[in-house]
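Participant: What follows is a structure written as structure tokens; I'll ask about it next.
Read-outs: derived from the displayed coordinates by stated rules, not from any lab. Computed from a predicted model, the values in this text were never measured in an experiment. Reconstructed Cβ throughout: ideal geometry from the backbone, glycine too, with neighbour counts over all protein chains shown.
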Amino acid sequence: MIDVRDVSRVYRRGVDQVHALEHVTLHIPAGRFVALMGPSGSGKSTLLNLLAGLDRPDTGEVVVAGQALAGLDEDGLAAWRARHVGLVFQFYNLLPVLTAVENVELPLLLTGLGRSERRRRAEIALAAVGLAERADHRPQQLSGGEQQRVAIARAIVTDPDLLVADEPTGDLDARSAVEILTLLRELNRAFEKTVVMVTHDPRAERFVDQVMRLDKGVLVDGGSA
């Protein structure tokens, strides 16, 4: 599902260079739930962005679902992401003027689906995360955990091959965090979704198939899942 081959990423800040990733190689089979862990600044989010096609490496190769991402231009990369990747962030990124079901429906506006089919799929996705009865509520009417569930429904509504989550429990209380980790595990198992999650949450380790640890841009543990 995912092959990262000798990937490095360097950011330039003025005259300084920040080596976010250095010669990282890893393999993740399809259907696995993997956590990327490590201290702040270790390169976790940089690696996640490379897997999701949101950034490009300076050297090395990233292949996801059989597609070498370096072979795509920016438009091609955007189209590939829309078909194959679902994104979940720490702060939900829901539009406050839209209801839950309308937020979930947003990625489908980029497809050729008709309005009724878009709404049907959005309702199915909300039901999959246990929020069917909250479809007409706006984000401010939902708890943090419920907002994150809406965000996850939005990420899975296009039936992506890969679900990437960047600190999905980082803004939640302990109970809601466990509920979100449980939901991600259920989606991984029930729908055979490959899930890659960046997290600082030590509770995450008991929900995932494998932990990959980074430190100062280097993969120090778990290169193969």
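Participant: Could you give the radius of gyration (one decimal) and Dmax (whole number) of the Cα atoms in segment 55-135, in Å?
Facilitator: Just the Cα atoms of segment 55-135 yield Rg and Dmax of 15.7, 47 Å.
Participant: Below 13 angstrom from the Cβ of residue 205, what's the summed charge of the other residues (Lys, Arg +1; Asp, Glu -1)? Don't jump to the answer; show the numbers that get you there.
Facilitator: Details: positive: 185, 203, 206, 213; negative: 201, 209, 221.
Residues close to residue 205 contribute a combined charge of +1.
Participant: Only counting other Cβ atoms within 10 Å, I'd like 191, 33 sorted with the fewest neighbours first. Don't skip to the end; give the middle numbers.
Facilitator: Details: 191 13, 33 23.
So the ranking, lowest neighbour count to highest, is 191, 33.
Participant: Kindly work out what percent of the DSSP beta bridges joining two residues of the chain are antiparallel, to the nearest 5. Walk me through the intermediate numbers first.
Facilitator: Details: 19 of 37 bridges.
Counting only bridges with both partners in the chain, antiparallel ones make up about 50 percent.
Participant: Given charges of +1 on the Cβ of Lys and Arg and -1 on the Cβ of Asp and Glu, with all other atoms neutral, how large is the dipole of segment 28-88 about its Cα centre, in debye to the nearest 20? Intermediate values should be presented prior to the final figure.
Facilitator: On the way: 5 positive and 6 negative charges, 69 e Å.
The dipole of segment 28-88 has a size of about 340 debye.
Participant: Mind sorting 129, 211, 18 by how few other Cβ atoms lie within 10 Å of their own Cβ, fewest first? The partial results should precede the final answer.
Facilitator: On the way: 129 25, 211 16, 18 13.
If I rank by nearby Cβ atoms, fewest first, I get 18, 211, 129.
Participant: Most exposed first by the Cβ proxy, i.e. fewest other Cβ within 10 Å, how do 116, 42, 143 rank?
Facilitator: Numbers: 116 8, 42 22, 143 12.
Placing the least packed residue first, the sequence is 116, 143, 42.
Participant: If you wrap a convex hull around the alpha carbons of segment 6-163, what volume per residue comes out, as a whole number of Å³? If you can, show how the numbers build up before the last one.
Facilitator: Values: hull volume 23.4 nm³, N = 158.
Output value, Cα hull per residue: 148 Å³.
Participant: For segment 18-69, what relative contact order do you get, as a whole percent, if you take Cα pairs closer than 8 Å and at least 6 residues apart? Before the final figure, lay out each step's value.
Facilitator: Working: 26 pairs, mean separation 14.0, N = 52.
Taking the mean separation of contacting Cα pairs over the length of segment 18-69, I get 27 percent.
Participant: Further question: Report the charge-dipole magnitude of the chain in Debye, nearest 20, computed about the Cα centre from +1 at each Lys and Arg Cβ and -1 at each Asp and Glu Cβ. Mind showing how you got there, number by number?
Facilitator: Working: 26 positive and 31 negative charges, 62 e Å.
For the chain, the charge dipole is close to 300 debye.
Participant: What translational D, rounded to a whole number of µm²/s, comes out for segment 131-225 from Stokes-Einstein when the hydrodynamic radius is the Kirkwood one over Cα pairs, at 37 °C and 0.692 mPa s? Don't skip to the end; give the middle numbers.
Facilitator: Working: Rh = 14.5 Å.
Translational D for this selection: 227 µm²/s.
Participant: If you take every DSSP beta bridge whose two residues both sit in segment 94-222, what share of them, in percent to the nearest 5, is antiparallel? Working shown, then result.
Facilitator: On the way: 3 of 8 bridges.
Restricted to segment 94-222, the bridges split so that about 40 percent are antiparallel.
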